[in-house]
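S.K.: Dropping a structure here in structure tokens format, bear with me for questions.
The values are calculated or read from the model by the stated rules, or taken from the named source; none is laboratory data. For clarity, every value in this text was computed on a predicted model and none was experimentally measured. Positions of Cβ are generated from backbone atoms using ideal geometry, with glycine treated the same way; all protein chains shown enter the neighbour counts.
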Amino acid sequence: MALPPPDYPAPAKLNLFLHVVGRRADGYHLLQSAFTLIGHADVLRFRVRDDGVIARVNDVPGVPAAQDLAVRAALLLKEASGTPMGADIELEKRIPIGGGLGGGSSDAATTLVALNTLWKTGFEREALAEIGAGLGADVPFFVFGRNAWAEGIGDRLRELEMAPRWYVVLVPSVQVPTQAAYAAPELTRNTEALKMEDFSAFPAGFSVDGAGGSLRNDLEPVVVSRFPAVLECLEWLRKHAPAARMTGSGSCVFAAFGDRDAARRVIEALPAPMHGFIAQGLPRHPLLEQ
């Protein structure tokens, strides 16, 4: 009997802040952000095929196979490498869809890293990031595999050291279209740029006691004005952690805590029908050495 394929994790991320500092002529927004990986992950499994076919072998609610970034990443790697191999892809979806946690981008990055090893295509991390960049601005971060200070359109990354933190993440019952959030006419697009050293002056880059200086998510006012469920979760969480904010383009909101017990007390107090989870910040991607 053949052994089952190993699990390959695709961890979620949080934007500890997200500033829109400008806009390029081609319409892409210029950003500054700090990304942290968290221990809440999708799981992928791969079986190498010798007939060249790329196929997802299970149904994933809300993610048609043709739109699955893991499938698309596999196809891009196959094209870039010229390998005759294929793969069956199984995706166990645990990261909320449309929550600003980067689940699809993380799936794509894990697929690139895993199949690069399984297919023996021999690409360096930088090349894998370039292959995946066309699938989403967050893919290079997940390939990079470390907590990072991000600039440009999210593609210019520098490693960022952060103290251990536990996070409470609330999952509103809505999905926020990223493009719609960035297209909003009232979105602030001229936030003053920070230096990485300015961010690092905050404890762990993100306060656990409510102090946060000017750090914020510029997309948050846009989203909460359009999605009452996001506002409701954010207002509740701020009663327990004043520095709580939204991640990415939403809809998830989060707060940082110094230890697991403090985070657990908050999530256990969550009223119905709200739901969420706690997760520990990760120092690096579990597949960094792949």
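S.K.: In this structure, is Leu91 crowded, with 21+ Cβ neighbours inside 10 Å, over 30 Å from Val168 (Cα atoms) and outside the structural domain of Leu170 (by TED's automatic domain parsing)? Step through it out loud before you land on a result.
M.R.: Numbers: crowded, with 21+ Cβ neighbours inside 10 Å: yes; over 30 Å from Val168 (Cα atoms): no; outside the structural domain of Leu170 (by TED's automatic domain parsing): yes.
It is false that Leu91 is crowded, with 21+ Cβ neighbours inside 10 Å, over 30 Å from Val168 (Cα atoms) and outside the structural domain of Leu170 (by TED's automatic domain parsing).
S.K.: From the list Ala163, Ala183, pick out the single residue that is of a type in the set (Gly, Ala, Ser), surrounded by fewer than 18 Cβ atoms within 10 Å (Cβ to Cβ) and either outside the structural domain of Pro221 (by TED's automatic domain parsing) or within 25 Å of Ile278 (Cβ to Cβ) (or both). Show your work before the answer.
M.R.: Working: Ala183 fails: either outside the structural domain of Pro221 (by TED's automatic domain parsing) or within 25 Å of Ile278 (Cβ to Cβ) (or both).
It is Ala163.
S.K.: I need the full set of residues from the range 135-154 which are among the acidic types (Asp, Glu) and either outside the structural domain of Gly104 (by TED's automatic domain parsing) or surrounded by 21 or more Cβ atoms within 10 Å (Cβ to Cβ) (or both), in order please. Break it down into steps so the answer makes sense when it comes.
M.R.: Pass one, the range 135-154, residues among the acidic types (Asp, Glu): 138, 151.
Listed by number, the list holds a single entry, Asp138.
S.K.: Say we look at the range 134-146 and pick out the residues that are in a loop (DSSP other than H, G, I, E, B) and more than 11 Å from the chain's Cα centre (by Cα); which of these is modelled with the lowest pLDDT?
M.R.: Ranking the candidates gives Gly134 first.
S.K.: Something else: Step by step: first the residues of the range 1-33, then only those that are closer than 29 Å to Met85 by Cα and among the aliphatic types (A, V, I, L, M), then the one that is surrounded by the most Cβ atoms within 10 Å (Cβ to Cβ). Which residue is that? I'd like the intermediate steps shown before the answer.
M.R.: We begin by selecting, within the range 1-33, every residue closer than 29 Å to Met85 by Cα; these are 1-12.
Now narrow it down to the ones that are among the aliphatic types (A, V, I, L, M): 1-3, 10, 12.
On the way: Met1: 3, Ala2: 5, Leu3: 5, Ala10: 31, Ala12: 29.
Residue satisfying both the conditions and the ranking: Ala10.
S.K.: Let me ask something else. Spot the failing condition for Lys93; the list is (1) in contact (Cβ under 8 Å) with a residue 60 or more places away in the chain; (2) under 14 Å from the mean Cα position of the chain (by Cα), and only one is missed.
M.R.: Failed condition: (1).
S.K.: Could you count how many residues in the range 239-258 are over 22 Å from the mean Cα position of the chain (by Cα) and surrounded by fewer than 17 Cβ atoms within 10 Å (Cβ to Cβ)?
M.R.: Residues that pass the stated criteria total 2.
S.K.: Just to be sure, is Ala73 buried (at least 23 other Cβ atoms within 10 Å of the Cβ), at pLDDT 95 or above, within 18 Å of the chain's Cα centre (by Cα) and within 26 Å of Phe254 (Cα to Cα)?
M.R.: On the way: buried (at least 23 other Cβ atoms within 10 Å of the Cβ): yes; at pLDDT 95 or above: yes; within 18 Å of the chain's Cα centre (by Cα): yes; within 26 Å of Phe254 (Cα to Cα): no.
In short, no.
S.K.: So is Gly52 surrounded by 11 or more Cβ atoms within 10 Å (Cβ to Cβ), under 21 Å from Leu118 (Cα atoms) and modelled with pLDDT of 95 or more or not?
M.R.: Working: surrounded by 11 or more Cβ atoms within 10 Å (Cβ to Cβ): yes; under 21 Å from Leu118 (Cα atoms): yes; modelled with pLDDT of 95 or more: yes.
Considered against the rule, which asks whether it is surrounded by 11 or more Cβ atoms within 10 Å (Cβ to Cβ), under 21 Å from Leu118 (Cα atoms) and modelled with pLDDT of 95 or more, Gly52 comes out as yes.
S.K.: Sticking with this one: Tally the residues that are surrounded by 12 or more Cβ atoms within 10 Å (Cβ to Cβ) and either at pLDDT below 50 or more than 17 Å from Asn15 (Cβ to Cβ) (or both), restricting the search to the range 191-205.
M.R.: Filtering the range 191-205 down to residues surrounded by 12 or more Cβ atoms within 10 Å (Cβ to Cβ) leaves 191, 193-194, 196, 198-200, 202-205.
Within this subset, residues satisfying the condition of being either at pLDDT below 50 or more than 17 Å from Asn15 (Cβ to Cβ) (or both) are 203-205.
Of the residues in the range 191-205, 3 are surrounded by 12 or more Cβ atoms within 10 Å (Cβ to Cβ) and either at pLDDT below 50 or more than 17 Å from Asn15 (Cβ to Cβ) (or both).
S.K.: Let me ask another. Can Ala108 be described as of a type outside the set (D, E, K, R), free of Cβ contacts under 8 Å to residues at least 40 places away in the same chain and within 21 Å of Arg158 (Cα to Cα)?
M.R.: So Ala108 passes the test.
S.K.: Something else about it: Going by the structure shown, is Val21 among the β-branched types (Val, Ile, Thr) and more than 18 Å from Ala114 (Cβ to Cβ)?
M.R.: Yes; evaluated as a whole, the condition is true for this residue.
S.K.: Restricting attention to the range 79-87, does a residue exist that is hydrophobic (A, V, I, L, M, F, W, C), part of a strand (DSSP E or B), surrounded by 14 or more Cβ atoms within 10 Å (Cβ to Cβ) and in contact with a Lys or Arg (Cβ under 8 Å, 6 or more places away or on another chain)?
M.R.: Just the residues of the range 79-87 that are hydrophobic (A, V, I, L, M, F, W, C), to begin with: 80, 85, 87.
Right, trim to part of a strand (DSSP E or B) and you get 87.
Remaining after also requiring surrounded by 14 or more Cβ atoms within 10 Å (Cβ to Cβ): 87.
Next, from what is left, pick out any that are in contact with a Lys or Arg (Cβ under 8 Å, 6 or more places away or on another chain): 87.
Yes: one or more hits.
S.K.: All but one of (1) under 19 Å from Thr111 (Cα atoms); (2) out of contact with any Ser or Thr (no Cβ under 9 Å at 6 or more places or on another chain); (3) surrounded by 14 or more Cβ atoms within 10 Å (Cβ to Cβ) hold for Thr36; which doesn't?
M.R.: (1)
S.K.: Gln175 fails exactly one of the following numbered conditions: (1) under 15 Å from the mean Cα position of the chain (by Cα); (2) in a loop (DSSP other than H, G, I, E, B); (3) modelled with pLDDT of 95 or more. What is the number of that condition?
M.R.: Tallying (1) under 15 Å from the mean Cα position of the chain (by Cα); (2) in a loop (DSSP other than H, G, I, E, B); (3) modelled with pLDDT of 95 or more, Gln175 fails exactly one: (3).
S.K.: When you scan the range 227-240, do you find a residue that is under 22 Å from Thr188 (Cα atoms) and touching a strand residue (DSSP E or B) at 6+ places or on another chain (Cβ under 8 Å), even just one?
M.R.: yes
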